[in-house]
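In what follows, a single structure is set out as structure tokens and then discussed.
The values are calculated or read from the model by the stated rules, or taken from the named source; none is laboratory data. In this text the structure is predicted, and so the values were computed from the model without any measurement. Cβ: placed from backbone, ideal geometry, glycine included. Neighbour counts: every protein chain shown. Note: accessible area is taken over every heavy atom of the protein model, side chains too, but ligands, DNA and RNA are not part of it. Shrake-Rupley method; radii C 1.70, N 1.55, O 1.52, S 1.80 Å.
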Amino acid sequence: MKIKILRSQTNTHQEYALPDQETTLLKALTHIKATQDPTLTFSAGCRASVCGTCAVRVNGREQLSCAYKVQDGDIIEPLQYHPMLRDLKVDKQPSKKTLTRSTAWLHSFQEAAQTHADEKRSERQTDCILCNSCYSACPVFAVNPDFLGPFALTRAYRYSVDKREEDVKGIIDNIQSNGVWDCTLCGECTAVCPKGIDPKMDIMMLRSTSVQQGYEDPSFSQMSFGTPDFGGGGFGFDPNAGF
């Protein structure tokens, strides 16, 4: 079995042979580094799909290396829209700054009784492991590198529905610029999330809350809805005309 890995020094895909047996990509990368190429660089952590450290792109789709089962001919590349450090290792610090920009935390804490239903409202969003798969899959970053991105907006939604938050408007105010209205709602973020989180739906819910707080879609407000022009010019409607 053979796979190809994008190497940063040459910017080309280098082919490696693997034992013909079922294995995870992380085990395959470890095998290559230990037996064939000690210069191969990648990131790994818990090996149990919990830490999110080992996310890469396989055949153009984001995957956790520790969970993905290698197939013959796979092409392995680093995450998109991240500064490449070496081979499959990228710098995730710039993307993490979107959490600060979105102010995704409790702004004004108040005591509130939490029911089981309340916990369920944001339970899935709380499962985010910040693997950056959704960030890499989002096409908006190709044209707007200042976009807040899926996991920052999901985190903002998680706190906007928290009963302990007194200042929901404060969160909503901070996600208007390069935020909820810049998303194309393509759903790529939802498709690649290893934890089954739906950032697309979270963003749609944030848009609804934004409208409740007095905001509107900037692109919608710029559209003109005048009376249709049917030409005039003597083509008026004659009720006595036959058809």
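Go through segment 1-46 residue by residue and tally those that are in a loop (DSSP other than H, G, I, E, B) and open to solvent by less than 90 Å² (accessible area, probe 1.4 Å). First the steps, then the outcome.
Going residue by residue through segment 1-46, those that are in a loop (DSSP other than H, G, I, E, B) are 1, 8-11, 18-23, 36-46.
Then keep just the ones that are open to solvent by less than 90 Å² (accessible area, probe 1.4 Å); that gives 1, 8, 10, 18-19, 23, 36-37, 39-46.
Final tally of qualifying residues: 16.
Quick check, is VAL211 open to solvent by 60 Å² or more (accessible area, probe 1.4 Å) and either more than 29 Å from HIS82 (Cα to Cα) or free of Cβ contacts under 8 Å to residues at least 12 places away in the same chain (or both)?
Details: open to solvent by 60 Å² or more (accessible area, probe 1.4 Å): yes; either more than 29 Å from HIS82 (Cα to Cα) or free of Cβ contacts under 8 Å to residues at least 12 places away in the same chain (or both): yes.
Yes; evaluated as a whole, the condition is true for this residue.
For segment 130-140, how many residues meet the condition of being open to solvent by less than 30 Å² (accessible area, probe 1.4 Å) and part of a loop (DSSP other than H, G, I, E, B)? Give the derivation first.
Filtering segment 130-140 down to residues open to solvent by less than 30 Å² (accessible area, probe 1.4 Å) leaves 131-138, 140.
Then drop every residue that is not part of a loop (DSSP other than H, G, I, E, B), which leaves 131-132, 138.
Result for segment 130-140: 3.
Among the residues of segment 55-68, write down those that are open to solvent by less than 50 Å² (accessible area, probe 1.4 Å), free of Cβ contacts under 8 Å to residues at least 40 places away in the same chain and assigned to a loop (DSSP other than H, G, I, E, B).
Of everything in segment 55-68, just one residue is open to solvent by less than 50 Å² (accessible area, probe 1.4 Å), free of Cβ contacts under 8 Å to residues at least 40 places away in the same chain and assigned to a loop (DSSP other than H, G, I, E, B), namely GLY60.
Each row is one residue, and each column tells you yes or no for (1) under 26 Å from CYS189 (Cα atoms); (2) in contact with a Cys (Cβ under 6 Å, 6 or more places away or on another chain); (3) of a type in the set (A, V, I, L, M).
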{"position": "GLN21", "(1), (2), (3)": "no, no, no"}
{"position": "GLN36", "(1), (2), (3)": "no, no, no"}
{"position": "THR39", "(1), (2), (3)": "no, no, no"}
{"position": "VAL58", "(1), (2), (3)": "yes, no, yes"}
{"position": "ALA67", "(1), (2), (3)": "yes, no, yes"}
{"position": "GLN71", "(1), (2), (3)": "yes, no, no"}
{"position": "GLN80", "(1), (2), (3)": "yes, no, no"}
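Which numbered condition trips up ASP182, out of (1) farther than 25 Å from VAL50 by Cβ; (2) surrounded by fewer than 17 Cβ atoms within 10 Å (Cβ to Cβ); (3) among the acidic types (Asp, Glu)?
If we test ASP182 against (1) farther than 25 Å from VAL50 by Cβ; (2) surrounded by fewer than 17 Cβ atoms within 10 Å (Cβ to Cβ); (3) among the acidic types (Asp, Glu), just (2) comes out false.
What are the pairs with Cβ atoms under 6 angstrom where one residue, in segment 24-41, is at pLDDT 95 or above and the other, located anywhere, is in a helix (DSSP H, G or I) and open to solvent by less than 30 Å² (accessible area, probe 1.4 Å)? Sequence gap at least six, or different chains.
LEU40/ILE32
Quick check on segment 123-137. Is at least one of its residues over 15 Å from CYS186 (Cα atoms) and without any contact (Cβ under 8 Å) to a residue 12 or more places away in the chain?
yes
Considering segment 69-106 alone, what residues qualify as being among the basic types (Lys, Arg), open to solvent by less than 60 Å² (accessible area, probe 1.4 Å) and at pLDDT 95 or above?
To start, the set of residues in segment 69-106 that are among the basic types (Lys, Arg) comprises 69, 86, 89, 92, 96-97, 101.
Add one more test, that the residue is open to solvent by less than 60 Å² (accessible area, probe 1.4 Å), and what stays is 92, 96.
Passing the criteria: only LYS92.
Of all the residues that make up segment 10-25, how many are under 16 Å from LEU88 (Cα atoms) and not β-branched (Val, Ile, Thr)?
6
Can we say HIS107 is out of contact with any His (no Cβ under 6 Å at 6 or more places or on another chain) and touching a residue at least 60 places away in the same chain (Cβ under 8 Å)? Working first, answer last.
Numbers: out of contact with any His (no Cβ under 6 Å at 6 or more places or on another chain): yes; touching a residue at least 60 places away in the same chain (Cβ under 8 Å): yes.
Against the criterion (out of contact with any His (no Cβ under 6 Å at 6 or more places or on another chain) and touching a residue at least 60 places away in the same chain (Cβ under 8 Å)), HIS107 qualifies.
Can you pull out every residue in segment 141-172 that is open to solvent by 20 Å² or more (accessible area, probe 1.4 Å), assigned to a helix (DSSP H, G or I) and either among the β-branched types (Val, Ile, Thr) or free of Cβ contacts under 8 Å to residues at least 40 places away in the same chain (or both)?
Hit for segment 141-172 is VAL168, nothing else.
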